[in-house]
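Note sheet for the following structure.
The values are calculated or read from the model by the stated rules, or taken from the named source; none is laboratory data. Given the structure is predicted, the values throughout are model-derived calculations rather than measurements. Note that we place each Cβ from the backbone using ideal geometry, even for glycine, and neighbour counts take in every protein chain shown. The accessibility values were calculated without ligands, DNA or RNA, using every heavy atom of the protein model including side chains. Shrake-Rupley method; radii C 1.70, N 1.55, O 1.52, S 1.80 Å.
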2 protein chains.
Amino acid sequence: MARTKEFNEEQVLDKAIEIFWHKGYNGTSAQDLVTHLGLSRSSLYDTFGDKQKLFSMALKRYQKQGQDYVKNLLEEAVDIKAALTVIFKQAVLESLEDRITKGCFMVNSSVELAMHDEEIAKIVNDNRQTMQAVFLRAVKKGQEAGQISVQQNARTLARFIFNNYTGIRVLARSGEKDKQVYDDILKALFSLF
Amino acid sequence: MARTKEFNEEQVLDKAIEIFWHKGYNGTSAQDLVTHLGLSRSSLYDTFGDKQKLFSMALKRYQKQGQDYVKNLLEEAVDIKAALTVIFKQAVLESLEDRITKGCFMVNSSVELAMHDEEIAKIVNDNRQTMQAVFLRAVKKGQEAGQISVQQNARTLARFIFNNYTGIRVLARSGEKDKQVYDDILKALFSLF
DNA sequence: CTAATTCAGGAACGATTGTTCCGTATTTTT
DNA sequence: AAAAATACGGAACAATCGTTCCTGAATTAG
């Protein structure tokens, strides 16, 4: 019947994540997208609708990837504290390695768009809820297993973990490359567990 | 010799802070500025150069205001822990009260511009250094006075305080209005002091 | 082969971007 | 009162914005 697409939609979305992550929504032009996604203007609009729709598709995909990673790690973890360490060490590693420091696509989008775009606000809030729920379940499990201190209640710790994760991602975005800074934050944070 | 300006430069800068804070750099158009600053296009460019210069002047002014506030509070504080409580409670109050949630102008600018604009990067990094130094001095004083635990060293705590401050401001920017969330974060944070 | 479909490329759209310039009004100093 | 200086409002600028549309080539199914 018809010609098959020459591009893979998911691969294009992954590229879109990279661009929007790096430059933000307002900082990315349609021309940027055409140039770096490797498809024509017409295909872009035919396939994804418009810039805003492409952005939210990219953000949703990024969200799923991040959540899957954290969920899997925490749900299958024997030692919760160790698993949390892995997650945070990984975030620090990314922050230090990135030549172009992109921070976290979700955090960046929260700051840039959440208050101006309802759809993005929905994604961001959903992400926060989900992530805090994931952390909450993990902390509870860790406390029951005696791996995490019960000095603070689980919900408090879950929110606190999320808050420090956010802080670290902003630090990365603003270009901090001193490992000692991140290690200090992690040290203080984990002293609560 | 010449006519006097009909506007007060500092008042205009304060208005510019509000606009850029709310909409970000890329989200604010020249027309937005003309409309809300209450001066003409020509006066705007004659007085401030261009959009980028106006932005960095506004950000610098915001930085000075914020730093003065925190510095004064901490340097003249008898009880450091109490002073830190005031600072964080104030941040939470602003987050809950703001009908239009603006977060923190400095954090917003870090995320949006630091990696794309050297001048902004300089301001942001200078701010981080300065704020951490202010917190460091305060923590040291608090530890010497026996008001703050010496379990963690002062520099670690200073960085940790800053990180959680950042996190809270992002939370505010993304529209969180549940006081309990902020209180949990504060509770966990202050349990370290 | 034919018909149907969708690709890629690029011209073109009106709207908006940041910025400049000009003519006029206004105020201050001599 | 005259002259110098500068603010003012608004027209106008080229450039870029996101988006649409058209053309022709490519590929598939019948």
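Worth pointing out:
- Per the listing A:THR130, A:THR156, A:THR166, the residue uniquely part of a helix (DSSP H, G or I), at the interface with another protein chain (Cβ under 9 Å from one of its Cβ atoms) and in contact (Cβ under 8 Å) with a residue 12 or more places away in the chain is A:THR166.
- Failed item in (1) free of Cβ contacts under 8 Å to residues at least 12 places away in the same chain; (2) more than 16 Å from DNA strand C (Cβ to nearest atom), with B:ALA77 passing the rest: (1)
- Pairs linking a residue in segment B:34-49 that is over 15 Å from B:GLU18 (Cβ atoms) to a residue that is part of a helix (DSSP H, G or I) and open to solvent by 50 Å² or more (accessible area, probe 1.4 Å), with Cβ atoms under 8 Å and 6 or more positions apart or on different chains, are B:THR47/B:GLU9; B:PHE48/B:MET57.
- Any hit, segment B:68-77, residues being open to solvent by 30 Å² or more (accessible area, probe 1.4 Å), over 19 Å from B:VAL107 (Cα atoms) and within 16 Å of DNA strand D (Cβ to nearest atom): no
- So A:GLY142, is it surrounded by 22 or more Cβ atoms within 10 Å (Cβ to Cβ), out of contact with any strand residue (DSSP E or B) (no Cβ under 9 Å at 6 or more places or on another chain) and at positive phi: no
- Matching residues in segment B:99-133 - criterion: being open to solvent by 70 Å² or more (accessible area, probe 1.4 Å) and either closer than 23 Å to A:ALA188 by Cα or hydroxyl-bearing (Ser, Thr, Tyr) (or both): B:GLN129
- When B:LEU186, B:LEU136 are checked against the criterion of being open to solvent by 10 Å² or more (accessible area, probe 1.4 Å), in contact with a Lys or Arg (Cβ under 9 Å, 6 or more places away or on another chain), more than 30 Å from A:ARG155 (Cβ to Cβ) and not basic (Lys, Arg), B:LEU136 stands alone in meeting it.
- Residue under evaluation A:THR85, criteria (1) open to solvent by 60 Å² or more (accessible area, probe 1.4 Å); (2) of a type in the set (S, T, N, Q); (3) assigned to a helix (DSSP H, G or I), criterion not met: (1)
- The set of residues in segment B:169-193 that are closer than 27 Å to A:MET106 by Cβ, facing another protein chain (nearest Cβ under 9 Å) and not in a helix (DSSP H, G or I) comprises B:SER174, B:GLY175, B:GLU176, B:LEU192.
- Single match in A:ASP50, A:ASP46, A:ASP32 (criterion: over 17 Å from the mean Cα position of the chain (by Cα) and open to solvent by less than 50 Å² (accessible area, probe 1.4 Å)): A:ASP32
- Residue in segment A:11-34 that is within 14 Å of chain B (Cβ to nearest Cβ), touching a Ser or Thr at 6+ places or on another chain (Cβ under 9 Å) and more than 16 Å from DNA strand D (Cβ to nearest atom) present: no
- Only one entry of A:GLU94, A:GLU112, A:GLU76, A:GLU118 meets the criterion of being among the charged types (D, E, K, R), more than 12 Å from chain B (Cβ to nearest Cβ) and farther than 24 Å from A:GLN143 by Cα, and that entry is A:GLU94.
- Verdict on A:VAL124 being part of a helix (DSSP H, G or I) and over 24 Å from A:ASP183 (Cα atoms): yes
- Residue identified as free of Cβ contacts under 8 Å to residues at least 24 places away in the same chain and away from chain B (no Cβ under 14 Å) among A:VAL86, A:VAL70: A:VAL86
- The single condition from (1) in a helix (DSSP H, G or I); (2) over 13 Å from the mean Cα position of the chain (by Cα); (3) within 11 Å of chain B (Cβ to nearest Cβ) that A:THR101 fails is (1).
- Segment A:145-193, residues that are among the hydroxyl-bearing types (Ser, Thr, Tyr) and more than 22 Å from A:THR101 (Cβ to Cβ): A:SER149, A:THR156, A:SER191
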